[in-house]
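Engineer: The structure under discussion is supplied below as structure tokens; questions concerning it will follow.
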Amino acid sequence: MAYDFDLLVLGAGSGGVAASRRAALHGARVAIVEGSRVGGTCVIRGCVPKKLLMYAAQLGEGFAQARGYGFDVGDAAFQMPRWAASKASEIDRLEGIYRKMLAGSGVQLIEGWARVTGPHTVQVGERQITAQHLLLATGSTPVRDSIPGIDACATSDDLLDLQQLPDELAIIGGGFIAVEFASMLARLGPKVALYYRDRLPLRGFDEMLRTGAAAALQAAGVELHPGGAPLRVQHADDGFLLGLIGDRVRAFPWVLNATGRRPNTRGLGLETLGITPDAKGAIAVNDEHETTAPGVYAIGDVTDRINLTPVAIAQGRAVADRVFGSGARRMNWAQVASAVFMLPPIGTVGPTEAQALAAGHRLKVFETDFRPMKQAFIGGAERTHMKLLVDADTDLVLAVHMLGADAPEIVQSLAVALTAGATKANFDNTVAMHPTAAEEFVLLREVSRLAEPAPAAAAGA
Ligand code: NDP
């Protein structure tokens with residue numbers, strides 16, 4: 001059978017765009033379907049606008065710090081409408097670049113919502129399209145049913161489109177989005193209360209980072225409510241009522257639902273391919289990103305594995321290289337660095353201390369925390385926290401965790417060393433660059449503590 005295309009990609013986010021362009025580079029006839037704006041969550045309503053808001057928060061803090069550095073600085077209030085207008089034109093510019101890149105690569109953009117109607121067949125509006133291979137890259141969407149009544153609250157999509165910030169708000173959740181926005185918004189004007197169900201925010205991160213994050217949020221004036229996720233939310237005339245533990249109720253004019261994201265598979269017609277997503281909506285794939293349906297692949301958030309933009313891009317390119325090129329590199333998913341863009345930010349690569357112990361490693365733990373030079377000069381209280389996890393038997397550096405200024409930039413570079421199999425001796429033999437915070441990672445000589453796995457983990461390792 002002659003197909004309209006060799007590859008049809010569903011979803012023009014970071015992963016889908018990267019896959020389609022790489023496949024076209026290999027000579028495939030490629031189309032990509034998108035019902036919303038080209039660029040997906042990261043560019044349009046995620047990483048990019050979020051980081052632009054973080055820069056605003058950081059600059060606001062800079063005004064106060066500038067006084068300590070000798071500048072006469074008056075009051076500088078954040079004007080959300082000005083940021084919103086600049087943000088809108090920057091996102092338009094980036095979307096334009098994405099569209100040009102697709103066209104320049106020879107990828108046909110089909111605008112509309114796609115529904116799979118059978119093997120090799122997709123419906124977009126009135127149009128039936130056939131393709132030899134399908135790539136599902138439809139991303140994820142905020143969860144709206146985690147708590148009764150929470151569907152009426154705003155999500156990060158809405159927040160980034162606000163023209164005016166509320167004076168006071170509550171954030172529900174303790175993950176990436178909750179922590180990043182709590183940290184930023186508290187610096188931009190609003191009073192922020194953060195409600196999460198664990199004892200610390202950022203479940204799944206190393207304990208040092210979680211403790212440091214809670215302290216940094218508190219120092220920024222965020223009201224923390226550990227173990228305090230609301231049981232219900234009620235929409236009221238002038239805002240929301242949070243139904244809290246112990247029959248308490250608290251009113252907020254504005255509430256951000258940051259209780260996670262869910263794969264976008266509803267209404268996609270996957271049943272016509274014999275694909276059944278899991279309870280969360282995620283599509284199962286093997287190491288080659290193949291679904292259970294022949295010729296159908298899935299990448300990125302829709303597979304709910306490591307939900308990060310660069311991972312989706314790498315997965316998309318791997319599919320294109322394998323299907324249309326000369327094969328794909330095997331990626332090392334164990335050492336994917338990630339960042340939490342709170343202030344000060346987090347950078348992390350490798351397992352947490354608890355995960356490393358559970359995997360049976362005997363650990364040398366190197367930890368330090370200090371007041372960075374920029375803060376000390378102005379009497380600031382902000383601290384930097386660093387941790388290296390070293391396998392006591394092999395000397396391999398297993399993980400680098402940092403909370404402090406420039407942590408994502410520093411940890412991204414150290415991730416190269418870890419990917420290359422660096423040992424603690426390699427770190428020790430690296431000459432420091434002075435004066436920097438990063439140099440502390442090559443100057444850690446004293447073992448802070450030795451940690452042994454529980455007997456069961458050690459036996460299983
Ligand atoms: P996360 O999975 O990071 O966090 C979800 C939060 O919601 C958790 O704190 C979770 O609590 C809480 N939660 C879930 N259900 C409930 C409930 N019923 N009641 C109360 N709390 C609940 O999701 P995010 O939405 O913050 O981010 C989505 C994904 O997007 C991230 O996992 C990440 O992959 C990506 N992302 C990456 C960023 C980056 O790279 N800097 C920035 C933003 C997003 P608990 O911990 O108790 O389960």
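The values are calculated or read from the model by the stated rules, or taken from the named source; none is laboratory data. Note that the coordinates shown come from a computational prediction; the quantities given were computed from them, not determined experimentally. FYI the Cβ positions are ideal-geometry reconstructions off the backbone, even for glycines, and counts take in every protein chain you see. Side chains are part of the model used for accessible areas, which takes the heavy atoms of the whole protein and leaves out ligands, DNA and RNA. Shrake-Rupley method; radii C 1.70, N 1.55, O 1.52, S 1.80 Å.
Engineer: Could you calculate the FRET efficiency of Ala103 with Gln128 from 1/(1 + (r/R0)^6), where r is the beta carbon distance between them and R0 is 25 Å, rounded to 0.05? Display every interim value, and only then the final one.
Structural biologist: Values: r = 23 Å, r/R0 = 0.93.
Between Ala103 and Gln128 the formula returns 0.60.
Engineer: Please state the shape class of the stretch 223-362: rounded when a/c is under 1.5, otherwise prolate if a/b exceeds b/c and oblate if not, all from the C-alpha gyration tensor. List each step's numbers first, then the result.
Structural biologist: Working: a/c = 2.57, a/b = 1.55, b/c = 1.66.
Since a/c reaches 1.5 but b/c is at least a/b, the shape of the stretch 223-362 is classed as oblate.
Engineer: Could you give each residue of the stretch 374-385 its phi-based ³J(HN,Hα) in whole Hz, using Karplus coefficients 6.51, -1.76, 1.60 with θ = phi - 60°, and x for Gly or Pro?
Structural biologist: 4, 6, 4, 4, 10, x, x, 9, 4, 10, 10, 10
Engineer: What percent of all Cα-Cα pairs in the stretch 356-461 falls in each 5 Å bin, counting up from 0?
Structural biologist: 2, 12, 21, 22, 18, 12, 7, 4, 2, 0, 0
Engineer: May I pose another question? Below 8 Å between Cα atoms, with a sequence gap of 6+, how large is the relative contact order for the chain in percent?
Structural biologist: On the way: 951 pairs, mean separation 69.6, N = 461.
It rounds to 15 percent for the chain.
Engineer: Once fully extended, how much extra length lies between Ala359 and Ala376, figured as 0.36 nm per residue of separation less the alpha-carbon to alpha-carbon distance? Intermediate values should be presented prior to the final figure.
Structural biologist: Values: separation 17, 0.36 × 17 = 6.12 nm, distance 3.89 nm.
That pair, Ala359 and Ala376, stretches by 2.2 nm at full extension.
Engineer: Under a 5 Å amide H to amide H cut-off, with H placed in plane at 1.01 Å, what residues pair with His133 once short-range neighbours are removed?
Structural biologist: For His133, the qualifying residues are Leu7, Leu8.
Engineer: Run through the stretch 284-341 and list the trypsin sites (Lys or Arg not before Pro) located in a DSSP loop whose Cβ has at most 10 other Cβ atoms within 10 Å.
Structural biologist: Values: sites: Arg305, Arg317, Arg322, Arg329, Arg330; in loops: Arg305, Arg329, Arg330.
Sites meeting the loop and neighbour criteria: Arg329, Arg330.
Engineer: Pop a pseudo-label 7 angstrom from the Cα along the beta-carbon direction at both Ala425 and Leu244 and give the gap in nm to one decimal.
Structural biologist: 5.6 nm
Engineer: Let me ask something additional. Long-range amide H contacts for Val336: which residues qualify at under 5 Å (H placed 1.01 Å from N, peptide plane, sequence gap of 5 or more or a different chain)?
Structural biologist: Gly350
Engineer: Provide the packing ranking of 238-250, 174-186, 120-132, 199-211, i.e. peptides ordered by the mean count of other C-beta atoms within 10 Å per residue, highest first.
Structural biologist: Details: 238-250: 14.0, 174-186: 25.1, 120-132: 16.7, 199-211: 19.0.
In descending order of packing, they fall as 174-186, 199-211, 120-132, 238-250.
Engineer: When the convex hull of the Cα atoms of the chain is projected onto a plane and the area is averaged over all directions, what value comes out in nm²? It would help to have the intermediate numbers written out before the result.
Structural biologist: Values: hull surface 102.5 nm².
Over every viewing direction, the Cα hull of the chain projects on average to 25.6 nm².
Engineer: Scan the stretch 36-132 for chymotrypsin sites (Phe, Trp or Tyr not before Pro) in coil per DSSP, keeping those whose Cβ has at most 11 other Cβ atoms within 10 Å, and list them by number. Don't skip to the end; give the middle numbers.
Structural biologist: Numbers: sites: Tyr55, Phe63, Tyr69, Phe71, Phe78, Trp83, Tyr98, Trp113; in loops: Tyr69, Phe71, Phe78, Trp113.
Loop-located and lightly packed - Tyr69, Phe71.
Engineer: Any idea how far the Cα center of the stretch 408-437 sits from the one of the stretch 217-234, in Å?
Structural biologist: Cα centroid to Cα centroid, the span is 36 Å.
Engineer: Measure off 7 Å from each Cα along the Cα-to-Cβ vector at Ala334 and Asp167, then give the distance between these two points in nanometres to one decimal.
Structural biologist: Roughly 5.4 nm, to one decimal.
Engineer: Pull up all non-local amide H partners of Leu165: gap of 5 or more, or a different chain, and H-to-H distance under 5 Å with H placed in the peptide plane.
Structural biologist: Placed amide hydrogens put Met80 under 5 Å from Leu165.
Engineer: Given a 1.4 Å probe and every protein chain left where it sits, what share in percent of the accessible area of the stretch 14-152 is carbon and sulfur?
Structural biologist: Summing carbon and sulfur atoms, their accessible area is 54 percent of the total for the stretch 14-152.
Engineer: Considering only Cα-Cα distances, which of the following residue pairs are longer than 27 Å: Lys87/Lys280; Lys87/Lys191; Lys50/Lys191; Lys51/Lys191; Lys50/Lys364? Intermediate results must be reported in sequence, preceding the final value.
Structural biologist: Working: Lys87/Lys280 32 Å; Lys87/Lys191 23 Å; Lys50/Lys191 19 Å; Lys51/Lys191 20 Å; Lys50/Lys364 36 Å.
Pairs exceeding the cut-off: Lys87/Lys280; Lys50/Lys364.
Engineer: Please give the peptides 251-261, 445-455, 269-279 ranked by average Cβ packing (other Cβ atoms within 10 Å per residue), highest first, as a rough proxy for protection.
Structural biologist: Values: 251-261: 21.5, 445-455: 11.6, 269-279: 14.8.
Descending packing order for the listed peptides: 251-261, 269-279, 445-455.
Engineer: Put a dot 7 Å past each Cα toward the Cβ at Ala251 and Gln79; how far apart are the dots in nm?
Structural biologist: Rounded to a tenth, the inter-label distance reads 3.2 nm.
Engineer: Just the number, please: carbon plus sulfur as a percent of the accessible area of the stretch 345-461, 1.4 Å probe, no ligands or DNA/RNA counted.
Structural biologist: Numbers: 3280 of 5720 Å².
Accessible surface attributable to carbon and sulfur in the stretch 345-461 totals 57 percent.
Engineer: Output ³J(HN,Hα) for the stretch 295-305: one whole-Hz value per residue in order, computed from phi by the Karplus curve 6.51 cos²θ - 1.76 cosθ + 1.60 with θ = phi - 60°, and x for Gly and Pro.
Structural biologist: x, 10, 10, 9, 9, x, 4, 5, 9, 6, 10
Engineer: Mind listing the phi-derived Karplus ³J(HN,Hα) values for the stretch 79-95, rounded to whole Hz, using 6.51, -1.76 and 1.60 with θ = phi - 60°, and x for any glycine or proline?
Structural biologist: Coupling constants for the stretch 79-95: 10, 4, x, 5, 4, 4, 5, 5, 4, 4, 6, 5, 5, 4, 4, 5, 4 Hz.
Engineer: Turning to a different aspect of this structure: Considering the Cα positions of the stretch 43-161, please state its Rg to one decimal place and its Dmax as a whole number of Å.
Structural biologist: Calculated on Cα positions, Rg and Dmax stand at 21.2, 68 Å.
Engineer: With r defined as the distance between the Cβ atoms of Ala236 and Ala279 and R0 fixed at 35 Å, what FRET efficiency is calculated, to the nearest 0.05? Provide the component values of the computation, followed by the final result.
Structural biologist: On the way: r = 32 Å, r/R0 = 0.92.
Using R0 = 35 Å, I get an efficiency of 0.60.
Engineer: Sorted by accessible area (1.4 Å probe), largest first, how do Asp161, Asp4 line up? Mind dumping the intermediate values first?
Structural biologist: On the way: Asp161 105, Asp4 75 Å².
In descending accessible area the options line up as Asp161, Asp4.
Engineer: Here's a follow-up. Using 0.36 nm times the number of residues separating Glu223 and Tyr69, minus their current alpha carbon distance, what extension gain do you get? Mind dumping the intermediate values first?
Structural biologist: On the way: separation 154, 0.36 × 154 = 55.44 nm, distance 2.93 nm.
Result: 52.5 nm gained on full extension.
Engineer: Per residue, how many Å² of accessible area does the stretch 221-344 show with a 1.4 Å probe?
Structural biologist: Numbers: 6070 Å² over 124 residues.
Ligands and nucleic acids excluded, the figure is 49 Å² per residue.
Engineer: Round to the nearest 0.05 the FRET efficiency obtained for Asp198 and Thr368 when R0 = 30 Å and r is the Cβ-Cβ distance. Mind showing how you got there, number by number?
Structural biologist: On the way: r = 26 Å, r/R0 = 0.86.
Calculated value: 0.70.
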